[in-house]
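Everything on this sheet refers to the single structure shown next.
The values are calculated or read from the model by the stated rules, or taken from the named source; none is laboratory data. Owing to the predicted nature of the structure, the values given are computational and were not obtained by experimental measurement. So basically every Cβ, Gly included, is an ideal-geometry build from the backbone, and we count neighbours across all protein chains shown.
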Amino acid sequence: MAVRRTTSEQTRHGRWAACLVLIVAGTTFADEPGTSLRPIQPTAAGRAERIDPFSGSRLSADERERLYDEVAQNAREFERQGAQLRRLSLLLRPAVVHIDARKTSRRGRTAREDEEEAGSGVITRLAGQTVVITNRHVIHRAELDNITIRLDNGREIQPARIWTDADTDIGVMLLEEADLPTARLSSRDGVQIGDMVLAIGSPFGLAHSVTLGIVSAKGRRDLDLGEGGIRFQNFIQTDAAINPGNSGGPLVNLRGEVVGLNTCIASNSGGNEGIGFAIPISMVMFVARQLVEQGTVSRAYLGVALDKTFSLATAHRLGMIRPVGARVTGITPGSPAETIGLQPNDVILEFGGEPIDDDDHLVSLVSMTPTDQRVRLRVFRNGQPLSLEVTVASRDQFEQQ
């Protein structure tokens with residue numbers, strides 16, 4: 001859009017210009033009417049007489065040398081951090097694998113179509129076996145003979161057996177090869193928001209790529225992952241670059257311990273936009289160990305229906321300042337919840353000593369509890385806290401009815 005001055009602006013500027021001429025003329029030539037104006041000619045200066053008007057703001061040679069020394073000293077701290085990242089890469093890359101899975105799908109009654117899926121995985125020891133842990137969606141619907149595991153040295157092997165869990169999108173592949181490098185898994189969910197982490201995998205088929213970021217958030221449990229979504233969620237969110245092909249690769253802390261399994265991203269473009277999600281290692285281990293030892297996953301069951309829209313108004317009606325915890329809306333007959341006398345409008349504040357954020361949090365915690373385990377509950381009822389103990393049952397016992 002063109003910018004134009006108005007008539008009033010032109011007049012105002014014209015007045016100021018005229019005044020300026022008058023002041024200059026009045027000051028310089030008031031006593032000498034008719035004197036002609038001549039430009040002042042600059043006097044040529046020799047090379048030795050020329051000066052740099054900004055020389056005082058520039059560093060001298062000695063000052064530059066001192067600054068170089070300071071920069072080198074400060075760089076050593078960054079180099080030490082960089083050396084740690086190089087050591088982590090050297091340690092972990094051999095334990096990360098690239099996975100190619102060829103899947104056959106039917107189109108109509110006779111037509112068959114092959115589909116290629118690429119992902120990542122991490123080698124570790126579990127229940128006395130050497131296994132690759134990955135995402136179920138990487139290897140789902142692929143026959144054993146159609147899965148190729150490529151090691152860091154370029155060697156290709158095939159799994160001897162596969163186990164998967166659809167509810168968490170975790171897959172485990174048994175390896176029969178000996179002396180493979182394995183990754184160390186963290187013994188607990190100690191990762192905190194702000195911790196630095198590395199993501200290792202095969203983004204867009206670029207095997208064994210390493211990216212760096214931080215833990216952006218924890219406890220992401222309501223992701224809409226489309227058809228066949230993950231039922232039990234408790235994701236770590238990270239800004240470490242994760243792209244298609246990273247699925248199943250490890251998220252690693254600065255101690256070299258696997259703290260999560262990279263699984264999905266939030267993206268409008270299909271590539272990394274700084275929002276990636278990893279399954280926490282506690283959930284990975286709970287599922288993977290049972291798959292290897294039992295071939296299936298057994299989960300606990302409490303027997304409550306929960307309010308997914310627990311609002312501020314409802315919390316106020318129950319005597320709470322804000323909606324926190326999981327509000328009970330119904331009880332399953334014959335369930336552990338009925339046995340201990342839980343009631344509709346009870347709000348479960350703690351499960352096993354863990355404060356409850358919302359209904360999805362409680363579902364996640366119960367799903368990772370061994371069956372027949374005795375657990376302490378803290379409940380808000382009629383304006384008062386209440387402590388209860390419950391022995392959780394097997395989910396299969398109730399969901400098959």
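Residues of the range 170-193 being under 23 Å from Leu223 (Cα atoms) and assigned to a loop (DSSP other than H, G, I, E, B), which ones?
Asp189, Gly190, Val191, Gln192, Ile193
Report yes if Ile275 is modelled with pLDDT under 95 and under 22 Å from Gly245 (Cα atoms), otherwise no.
So Ile275 fits the description; yes.
Do any residues in the range 346-366 that are under 24 Å from Arg317 (Cβ atoms) have Cβ atoms under 6 Å from those of residues that are part of a loop (DSSP other than H, G, I, E, B) and among the small types (Gly, Ala, Ser), where the two are at least six apart or on different chains, and which pairs are they?
If the second residue must be part of a loop (DSSP other than H, G, I, E, B) and among the small types (Gly, Ala, Ser), the pairs left are Val347/Gly325; Ile348/Gly325; Leu349/Gly325; Ile356/Gly325.
Residue by residue through the range 286-312, note down the ones that are surrounded by fewer than 21 Cβ atoms within 10 Å (Cβ to Cβ) and farther than 30 Å from Val347 by Cβ.
Selection gives Arg289, Gln290, Val292, Glu293, Gln294, Gly295, Thr296.
Exactly one of (1) surrounded by 18 or more Cβ atoms within 10 Å (Cβ to Cβ); (2) part of a helix (DSSP H, G or I); (3) under 33 Å from the mean Cα position of the chain (by Cα) is unmet by Ala337. Its number?
(3)
For the range 314-329, which positions are among the β-branched types (Val, Ile, Thr), under 20 Å from Arg221 (Cα atoms) and not in a strand (DSSP E or B)?
Passing the criteria: only Val324.
If Phe277 passes every condition in (1) outside any helix (DSSP H, G or I); (2) among the aromatic types (Phe, Trp, Tyr); (3) out of contact with any strand residue (DSSP E or B) (no Cβ under 6 Å at 6 or more places or on another chain) but one, which one does it miss?
It fails just one condition, (3).
Show me the strands (runs of 3 or more DSSP E) entirely contained within the range 51-169 in which 3 or more residues are buried (at least 16 other Cβ atoms within 10 Å of the Cβ) and either at pLDDT below 95 or under 24 Å from the mean Cα position of the chain (by Cα) (or both).
The qualifying strands (runs of 3 or more DSSP E) are 96-107, 111-126, 129-135.
Give all pairs with beta carbons closer than 9 Å in which a residue from the range 213-226 that is touching a residue at least 12 places away in the same chain (Cβ under 8 Å) and within 19 Å of Val259 (Cβ to Cβ) meets a residue that is aromatic (Phe, Trp, Tyr) and part of a strand (DSSP E or B); count only pairs at least 6 apart in sequence or on separate chains.
Ala217/Phe235; Lys218/Phe235; Gly219/Phe235; Arg220/Phe235; Arg220/Phe277; Arg221/Phe235; Leu223/Phe235; Leu223/Phe277
Restricting attention to the range 149-164, does a residue exist that is aliphatic (A, V, I, L, M) and in contact with a Pro (Cβ under 8 Å, 6 or more places away or on another chain)?
yes
Tell me the residue from Leu386, Leu342 that is farther than 27 Å from Asp165 by Cβ, among the aliphatic types (A, V, I, L, M) and assigned to a strand (DSSP E or B), please.
Leu386
Condition check: charged (D, E, K, R) and either touching a residue at least 24 places away in the same chain (Cβ under 8 Å) or touching a helix residue (DSSP H, G or I) at 6+ places or on another chain (Cβ under 9 Å) (or both). Does Arg395 satisfy that?
When the stated conditions are applied, Arg395 passes them.
Would you check which residues across the range 294-313 are aromatic (Phe, Trp, Tyr), assigned to a loop (DSSP other than H, G, I, E, B) and closer than 21 Å to Met368 by Cα and list them?
None; the set is empty.
Looking at Leu362, Leu291, can you tell me which residue is assigned to a helix (DSSP H, G or I), within 30 Å of Leu174 (Cβ to Cβ) and modelled with pLDDT of 95 or more? Show your work before the answer.
On the way: Leu362 fails: within 30 Å of Leu174 (Cβ to Cβ).
Sole residue among the options that is assigned to a helix (DSSP H, G or I), within 30 Å of Leu174 (Cβ to Cβ) and modelled with pLDDT of 95 or more: Leu291.
Please go through the range 349-366 and pick out each residue that is out of contact with any strand residue (DSSP E or B) (no Cβ under 7 Å at 6 or more places or on another chain) and within 23 Å of Pro333 (Cβ to Cβ).
Val363
State the number of residues belonging to the range 234-283 that are of a type in the set (Asp, Glu) and over 12 Å from the mean Cα position of the chain (by Cα).
So the count comes out to 1.
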